[in-house]
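Only one structure is covered here, and it is reproduced in the block below.
The values are calculated or read from the model by the stated rules, or taken from the named source; none is laboratory data. Computed from a prediction, not measured in an experiment: that's the story for all the values here. Note: ideal-geometry Cβ built from the backbone for every residue, glycine included; neighbour counts use all protein chains shown. SASA here: full protein model, heavy atoms, side chains in, ligands and nucleic acids out. Shrake-Rupley method; radii C 1.70, N 1.55, O 1.52, S 1.80 Å.
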Amino acid sequence: MADPRPLLFFDSGVGGLSVLAPTAALLPQAPIVYVADSAGFPYGTRSEAEIAARVPALLGRLAERYDPRLIVIACNTASTIALQHVRAALDVPIVGTVPAIKPAASLSETRVIGVLGTEATVRQPYVDDLTARFAADCTVLRHGSAELVELAERALAGEAPSVERLRAVLAGLFDQPEGDRLDVIVNACTHFPLLKAELAAATPRPVRFVDGGPGIARRVAHLTDGQQWPAHRPAGRAVFTRLGDAERNLAPALALYGLTEIEAL
């Protein structure tokens, strides 16, 4: 018997599409529900207490409505702050998103890597722990940018970011001590891979960008291995906690990810 239960992806905005894409490619029959907490966007400037309370409550409502087989918190900020709370509250497998510091350290030749995320993510002790475990021999530079999240949202709606603005954001890493030796940057916010090509074009010299999307896709495939799927993937759903003109205007871009049904929570 085919199992119609979907994979549910959750983010504050559209950044989680960078996680949805590799997962959908790996699991082409999987039903997809993508949820953007547009009423709470952006998370990167909210307090930890707000996020720790908001995310488990929202995911509880979503689990009841959509009965997912697995939930992906496709947001670094929400994962680093609320993942343990969500796992304690829900009896559903939960996959979080963490900064890809381990693969970045394995790729770096200069042993200087950058972590580019939201202000909330880059200051988390979890980043300290990942650095100590996987990049102890590296200099790890960090920079938080709320502006880059906004630029990624606008880019999906068709507004290309200016190279000058991207260079100004990247200067937050390259202008730090040892920034001239930086050779790998971790996109530690799921929004940022949506601008991967634009960011690469704006760096003062060639560097490599890495993110956690492919690794999360492999983790989801592993956790659902052996499960039954529909013969054909049904139309994907995009769910917004606030559905206004800005969200409706994303319809053409969302359709490129297989999300052709748009609704409000």
Problem set entry | Length released on extending from Q228 to A200, taking residue separation times 0.36 nm less the Cα-Cα span | 6.1 nm
Exercise. Tell me, what is the FRET efficiency for D128 and Q84 to the nearest 0.05, using R0 = 25 angstrom and their Cβ-Cβ distance as r?
Worked result: 0.90
Seminar exercise, completed: If amide H atoms are modeled at 1.01 Å from N in the peptide plane, then the residues at a separation of 5 or more from A39, or on another chain, having amide H under 5 Å from its own are T241, R242
For this session: Provide the three semi-axes, in whole Å and in decreasing order, of the ellipsoid equivalent to the chain as defined by the square roots of 5 times the Cα gyration tensor eigenvalues.
Result: 30, 20, 18
Seminar exercise, completed: Residue by residue through the range 92-108, the couplings from Karplus 6.51 cos²θ - 1.76 cosθ + 1.60 with θ = phi - 60°, in Hz, x for Gly and Pro, are 9, x, 10, 10, x, 10, 10, x, 7, 6, 4, x, 5, 5, 5, 8, 5
For this session: Show the residues, 5+ positions off or on another chain, whose built amide H is closer than 5 Å to the amide H of Y34.
Result: F9, R237, A238, V239
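Please find the FRET efficiency linking E147 to E48, where r is the Cβ-Cβ separation and R0 is fixed at 25 Å, and quote it to the nearest 0.05. Show your work: numbers first, answer last.
Details: r = 21 Å, r/R0 = 0.82.
The value I calculate is 0.75.
Specify whether the C-alpha gyration tensor of the range 94-164 places it in the rounded, prolate or oblate class, a ≥ b ≥ c being the square roots of the eigenvalues: rounded for a/c under 1.5, otherwise prolate if a/b is larger than b/c and oblate if not.
On the way: a/c = 2.30, a/b = 1.75, b/c = 1.32.
Prolate shape, in that a/c is at least 1.5 and a/b is the bigger ratio.
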Problem set entry | the range 11-77 versus the range 109-170: alpha-carbon centroid distance in Å | 20
Problem set entry | Theoretical gain in end-to-end length, E119 to N249 [0.36 nm per residue, Cα-Cα removed] | 44.0 nm
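Taking all protein chains in place and a 1.4 Å probe, what share, in percent, of the accessible surface of the range 166-265 do carbon and sulfur account for? Kindly include the intermediate steps, with their values, before the conclusion.
Numbers: 2490 of 4960 Å².
Of all accessible area on the range 166-265, carbon and sulfur atoms account for 50 percent.
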Exercise. Each residue of the range 248-265 in order: what ³J(HN,Hα) in whole Hz does its phi give by Karplus 6.51 cos²θ - 1.76 cosθ + 1.60, θ = phi - 60°, with x for Gly and Pro?
Worked result: 5, 5, 7, 3, x, 5, 5, 4, 5, 9, x, 9, 9, 10, 10, 8, 9, 6
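First compute the accessible area of the range 7-66 with a 1.4 Å probe, then give the percent of it belonging to carbon and sulfur atoms.
Values: 1020 of 1870 Å².
After summing per-atom areas, the C and S share lands at 55 percent.
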For this session: List, in order, the whole-Hz ³J(HN,Hα) value for each residue of the range 17-24 obtained from phi through the Karplus relation with A = 6.51, B = -1.76, C = 1.60 and θ = phi - 60°; use x for Gly and Pro.
Result: 4, 6, 9, 4, 4, x, 6, 5
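Pairs of alpha-carbon atoms within less than 8 angstrom and 6+ residues apart define the contacts here; what relative contact order does the chain have, in percent? Don't skip to the end; give the middle numbers.
On the way: 520 pairs, mean separation 73.6, N = 265.
Once divided by the residue count of the chain, the mean separation gives 28 percent.
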Problem set entry | Surface accessible to a 1.4 Å probe, R218 within the full protein complex, Å² | 150
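Probe of 1.4 angstrom, ligands and nucleic acids ignored: what's the accessible area per residue over the range 1-149, in square angstrom? Mind showing how you got there, number by number?
Details: 5530 Å² over 149 residues.
Accessible surface, normalised per residue, equals 37 Å².
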Exercise. Roughly how much of C138 is accessible, in Å² to the nearest 10, using a 1.4 Å probe?
Worked result: 20
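Tell me what the chain gives for mean residue ellipticity at 222 nm when only DSSP H runs of n ≥ 4 count, each as -39,500 (n - 2.57), the sum divided by the residue total, rounded to 500 deg cm²/dmol. Spell out each step's value before the answer.
Numbers: 12 runs with 114 residues, N = 265.
Here the helix-only value at 222 nm equals -12500 deg cm²/dmol.
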Exercise. Once amide H atoms are built 1.01 Å from N in the peptide plane, which residues 5 or more positions from R142, or in another chain, come under 5 Å H to H?
Worked result: V115
For this session: Would you work out the relative contact order for the range 136-253, in percent, from Cα pairs under 8 angstrom that are 6 or more residues apart?
Result: 25
Exercise. For the range 69-109, which whole percent of the accessible surface, found with a 1.4 angstrom probe, sits on carbon and sulfur atoms?
Worked result: 49
Exercise. Based on the Cβ-Cβ distance of E178 and R154, what FRET efficiency does E = 1/(1 + (r/R0)^6) give at R0 = 30 Å, to the nearest 0.05?
Worked result: 0.40
